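Below you'll find the structure, written out as structure tokens, and then a few comments.
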Amino acid sequence: MLVHSRTGKWATWAVFFLLFVPLFAVPLLVIVAASFTTNWSGAFPSGPTSEHYKAATSGDSLQALTTSLITAVSASLLALTVGSWAALAAASLRRRGRRFLDGLFMLPVAVPSVVVGLAVLVAFSKPPMLLNGTRWIVILAHTILVTAFAYQSVSAAIVRLDPMYEQAAASLGARPSYVLWRIRLPLLLPALTAAAGLCFALSMGELSATMMLYPPDWTPLPVQIFAATDRGSLFTGAAVAVVLMGTTLLVLLGVARIRTRASYR
């Protein structure tokens, strides 16, 4: 911590818990508690049960979880590929060119995601690129929404790279492609894994654009949660939300483990 005095540390921790508990911990605990109850008419839930998790891990909910995982993994890989390539290309441009690419890739973040969904729907509802009604339009929209984060993460890591390694390799006669694959990308591996985890988490929770685009046979889990709560099945929706959070957390822990190994390398 940057605070060195004992009183300052205690004050910092007190402020942290005063902000963290009501803003983050309590809402999550309420969702978890609601997923194990059959009735909540007072200050505390009553009628503990695990039946909601049977519905949350079978049938349509299980299919929706699989759909979300496939969508998030596909969008993350595409976003990481495009964002990393653009970040590497921007690093070789002049300041004006870099600023143009920064603005271009940050544009989907600067507007509401529902606007991105509408734009994708209008653009790909007619030939020659007719994607409306298919799973690919959902994956494309998620890719557009998360590519900005991959681009920014990799761009920030490229700025921190020590050019000494690349210069040494070039002085020994290494080709640019060799320098890229054997030096730059391995050095960027921690940033790449962090960007992949961020893109995955954002894609797993995306709802606004998805609601405008998803076909009946490709329903991600956030849409399933919205549908359950809209029908009044709040406790089942809470259980599905816990499954979504748990699955996302497990994947992020796996990505963090890969990132830690990459950092030690």
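On inspection, residue 26 qualifies as out of contact with any strand residue (DSSP E or B) (no Cβ under 8 Å at 6 or more places or on another chain), closer than 30 Å to residue 236 by Cβ, exposed (fewer than 12 other Cβ atoms within 10 Å of the Cβ) and not assigned by TED's automatic domain parsing to the domain that holds residue 228. Evaluating residue 91 against the criteria (1) closer than 30 Å to residue 216 by Cβ; (2) of a type in the set (A, V, I, L, M); (3) touching a residue at least 24 places away in the same chain (Cβ under 8 Å) leaves one unmet condition, (1). Comparison of 137, 183 shows that the only residue that is at pLDDT below 85 and touching a Phe, Trp or Tyr at 6+ places or on another chain (Cβ under 6 Å) is 183.
The helices (runs of 4 or more DSSP H) falling completely within segment 100-211 that include 1 or more residues that are farther than 16 Å from residue 79 by Cβ, among the polar types (S, T, N, Q) and in the same structural domain as residue 258 (by TED's automatic domain parsing) map to 164-171, 176-179.
Give segment 141-158 a look and list any residue that's in contact with a Phe, Trp or Tyr (Cβ under 7 Å, 6 or more places away or on another chain) and either surrounded by fewer than 12 Cβ atoms within 10 Å (Cβ to Cβ) or not aromatic (Phe, Trp, Tyr) (or both), or say none. Selection gives 147, 148. Checked against the criterion of being closer than 25 Å to residue 151 by Cα, outside any helix (DSSP H, G or I) and in contact with a His (Cβ under 9 Å, 6 or more places away or on another chain), segment 227-249 contains not a single residue that satisfies it. Condition test on residue 84, is it in contact (Cβ under 8 Å) with a residue 24 or more places away in the chain, among the polar types (S, T, N, Q), within 22 Å of residue 208 (Cβ to Cβ) and crowded, with 16+ Cβ neighbours inside 10 Å? Taking the combined requirement at face value, the residue does not satisfy it. Against the condition touching a residue at least 12 places away in the same chain (Cβ under 8 Å) and on the phi > 0 side of the Ramachandran plot, how does residue 173 come out, does it pass? The answer is no for residue 173. A single entry from 161, 198 fulfils the requirement of being in contact (Cβ under 8 Å) with a residue 24 or more places away in the chain and surrounded by fewer than 17 Cβ atoms within 10 Å (Cβ to Cβ): 161.
Every listed requirement among (1) surrounded by 13 or more Cβ atoms within 10 Å (Cβ to Cβ); (2) without any contact (Cβ under 8 Å) to a residue 60 or more places away in the chain; (3) within 30 Å of residue 235 (Cβ to Cβ); (4) hydrophobic (A, V, I, L, M, F, W, C) is met by residue 20 save one, (1).
In the set (1) over 17 Å from the mean Cα position of the chain (by Cα); (2) modelled with pLDDT of 85 or more, the condition left unmet by residue 45 is number (2).
The values are calculated or read from the model by the stated rules, or taken from the named source; none is laboratory data. All figures in this text were calculated on a predicted structure; none of them were measured in a lab. Glycine also receives a Cβ, built like all others from the backbone with ideal geometry; neighbour counts cover every protein chain displayed.
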